[in-house]
Amino acid sequence: MTTLVEQLLNTEAHKSIFESAVRQNLLPVCAAFGSSDQPQPVSFRSTDRVLSTKDSAGVRAQFPQSVAASGNVVLTSAGPSSAAVHGKRVAVLFSGGPAAGGHNVVCGLKRVLGAGNTLFGVTAGPKGLLKGTLFEITDAHVDFILNTGGFDFLGSDRTKIKSDEQFAQVRETCVKHNLDAIVVVGGDDSNTNAAVLAESLFSGVKADGSGVQVIGVPKTIDGDLQIGDLLAISFGFDTATRIYSEMVGNILQDTSSSLKYWHFVKLMGRSASHVALEVALQTKPAMTLISEEVAAKKMSLASIIDGIAQVIVERSHKGMNYGVLLAPEGLIEFIPEMNAMIAELNDVLAHHVTEVAALADDAKPAFIGSKLSADNASLLASLPDYIVNMLLAERDSHGNLQVSLIPTEQLLIDMAKQRVKELDAAVPFAAHKHFLGYEGRCGAPTLFDAAYTYNLGLTAGSLILDGRTGYMATITGLTSGGTPQAIPLAGLLNIERRHGQDEFVIEKALVRMDSPAMQYFVSRRDDWASNDLFASPGPRQFWGPTTHQQPISVALNSGADSLMFQIG
Ligand code: FBP
């Protein structure tokens with residue numbers, strides 16, 4: 001019998017009652033892998049699907065070895081692997097923002113590589129690959145990290161591998177650790193990195209002239225790495241949106257209890273509004289802005305604010321001086337006049353790096369304003385300092401604006417307050433702001449993410465044992481048992497303008513106006529605005545009725561007839 005203090009000490013260092021219990025959860029695997037307790041690698045065969053983009057000719061010229069080897073053909077599992085492969089040395093790294101389920105990718109990899117091959121973890125993301133900081137992953141590690149959230153087992157970062165010096169460092173790491181393969185777990189930018197690495201390491205890395213295989217795994221809570229029926233969703237989206245939905249559900253419950261507040265909630269998701277749409281579908285709040293709709297309808301900032309204020313006033317006239325508004329993190333970049341200004345701003349910042357760096361912060365707006373066209377300069381000058389400062393802040397190494405730092409929710413509140421006053425000065429408007437982002441990235445994975453990622457790890461490991469390179473692992477048919485497949489990375493590449501120059505990238509999948517999820521949302525949102533029809537989905541469950549739930553938007557978009565997923 002232990003004392004309560006002893007019991008509490010026993011829960012330190014990732015041993016909460018929950019973590020200890022959830023580690024024991026046996027995960028379902030696709031039938032192709034055999035049994036859950038002893039999954040076996042599969043081999044792959046070509047399908048008749050060939051991927052291409054509008055920039056395929058340019059891709060063929062820049063990625064000749066990858067394209068010649070894969071033909072940009074999608075692969076599917078072709079039964080148990082017949083040859084037992086031994087002696088492979090494989091490194092896995094996390095890249096970009098954390099997403100729930102990353103640890104299970106590592107677990108799936110380790111299990112499928114088995115005792116005959118060695119798995120290394122790269123610490124702190126792509127930077128660790130440059131430095132060659134690797135350690136061997138053991139079975140004990142796997143038992144400990146299984147079904148736990150976060151990326152803390154390895155760490156992550158956003159280094160983009162692009163210079164000749166960086167490629168040379170990666171080669172050095174491969175040689176030093178005698179690597180045969182690298183698995184990059186990341187989003188659209190990181191999988192672009194994987195495509196570039198696959199080409200650069202295709203051959204001539206080791207003394208015998210052989211290369212190093214590179215396989216990508218689709219991660220990001222943003223949900224913007226989607227490739228039709230080949231990739232219904234990236235991992236991490238389900239867990240993040242369920243955490244946000246629980247929180248938004250609680251806030252909605254509070255608004256209709258205290259009857260006096262509006263809550264403006266900005267939701268993570270960088271560019272695309274998949275997260276905001278999913279949380280809206282789960283919680284049914286009074287208002288949700290969808291960036292892609294703002295862009296499609298060319299809505300100005302003033303018209304967006306007017307729409308918000310109208311709903312606030314109408315609800316007030318019906319006795320509801322409260323409500324919740326959801327805004328996607330990337331909204332600012334989708335408002336046409338802001339988008340045009342940011343594009344010019346990006347070019348100006350890229351071309352005046354040293355001059356801008358030498359200026360004091362308060363001198364930057366005037367200097368940059370002087371380099372912008374008249375319209376963009378006056379728009380920049382009209383914005384509050386708290387927005388301008390963030391628009392001028394440093395881009396990440398992929399050239400992205402750091403939208404998580406832009407207080408869009410504050411801007412919407414300040415402007416809506418003004419407009420409500422103009423429409424009806426008697427309407428009370430007290431608002432709180434929230435930013436739900438980091439709260440959702442590292443939660444313990446839902447069963448959907450836990451099972452999905454474990455199977456993605458099994459698929460990535462199988463691709464390596466099957467001798468493949470330049471592919472992204474995927475699981476298709478998430479409501480019918482699941483099928484391990486592989487998407488040729490070069491077949492996804494497009495040309496985009498970044499840092500003021502053209503670069504190959506995997507295009508972000510945005511919310512489509514004609515998607516079933518968006519159309520369902522549009523068909524319901526007026527009712528949600530004028531009545532209290534919200535739902536509180538509650539905490540994510542690991543044992544209970546919602547355990548097997550998949551994201552609502554994924555179910556709608558894939559034409560499923562049930563909200564439940566089925567792997568295995
Ligand atoms: P990934 O695309 O790398 O998965 O990151 C997603 C994200 O969580 C975005 O939603 C957010 O805008 C961004 O990361 C925040 O970045 P950081 O962790 O560098 O603050």
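Show that you can apply the helix-only estimate: for the chain, add -39,500 (n - 2.57) for every DSSP H stretch of four or more residues, divide by all residues, and state [θ] at 222 nm to the nearest 500.
-12500 deg cm²/dmol
Return an integer: the convex hull volume of the alpha-carbon atoms of the stretch 1-107, in Å³ per residue.
212 Å³
Considering the zone a paramagnetic label at Asp254 would reach in this model (a point 7 Å from Cα along the Cα-to-Cβ line), which residues of the stretch 316-353 have amide N under 17 Å from it?
Residues passing the 17 Å test: 321-327.
Can you give the FRET efficiency for Leu533 and Ala207, using 1/(1 + (r/R0)^6), R0 = 56 Å, r = Cβ-Cβ distance, to the nearest 0.05?
Between Leu533 and Ala207 the formula returns 0.25.
Expressed in nm to one decimal, what extension gain is obtained for the pair Thr11 and Asp37 from 0.36 nm per residue of sequence separation less their Cα-Cα distance?
That works out to 6.7 nm of additional length.
What order do you get for 213-225, 22-34 when each peptide is scored by the mean count of other beta carbon atoms within 10 Å, highest first?
Highest mean packing first, the order is 213-225, 22-34.
What residues have an amide H closer than 5 Å to that of Ala78, excluding those fewer than 5 places away on the same chain, when H is modeled at 1.01 Å from N in the peptide plane?
Counting only residues 5 or more places away or on other chains, the set is Ser43, Phe44, Arg45.
Give the share of C-alpha pairs in each 10 angstrom bin for the stretch 237-439, from 0 to the last occupied bin, in whole percents, shortest bins first.
8, 33, 33, 18, 6, 0
When Ile312, Ile406 are ordered from fewest to most other Cβ atoms inside 10 Å of their Cβ, what list results?
The fewest-first ordering by Cβ neighbours comes to Ile406, Ile312.
Could you list which residues have their amide H under 5 Å from that of Trp262, counting only those 5 or more apart in sequence or on another chain, with H placed in the peptide plane?
Residues meeting the criterion, in which the H sits 1.01 Å from N, are Gly323, Ala430, Ala431, His432.
Taking the alpha-carbon centroid of each part, what is the distance from the stretch 417-431 to the stretch 239-315 in angstrom?
Comparing the Cα centres of the stretch 417-431 and the stretch 239-315, I get a distance of 19 Å.
Which whole-Hz ³J(HN,Hα) couplings does the stretch 320-329 yield from phi under the Karplus relation 6.51 cos²θ - 1.76 cosθ + 1.60, θ = phi - 60°, glycine and proline marked x?
10, 8, 7, x, 10, 10, 9, 10, x, 3
Are there any GluC sites (Glu not before Pro) in the stretch 320-416 that are in a DSSP loop and have at most 14 other Cβ atoms within 10 Å? List them by number.
Hits after loop and neighbour filter: Glu394.
Checking the cross-link filter: which aspartates and glutamates have an alpha carbon closer than 12 Å to that of Lys88, excluding same-chain neighbours under 8 positions apart?
Candidates past the 8-residue exclusion: Asp180, Asp466.
Return the Cα extents of the chain along principal axes one, two and three, sorted largest first, each rounded to a whole Å.
76, 63, 53
Using Cβ counts within 10 Å as a stand-in for footprinting exposure, how do Trp543, Trp262, Trp528 rank, fewest first?
Fewest to most other Cβ atoms nearby, the residues stand as Trp543, Trp528, Trp262.
What ranking do 299-306, 181-188 get when scored by the average of other Cβ atoms within 10 Å per residue, highest first?
181-188, 299-306
Every number here is computed from the coordinates shown, using simple stated rules; none is lab data. Quantities reported herein were computed from a predicted structural model and do not represent experimental measurements. Here the Cβ is made from the backbone with ideal geometry for all residues, glycine too, and neighbour counts use every protein chain on show.
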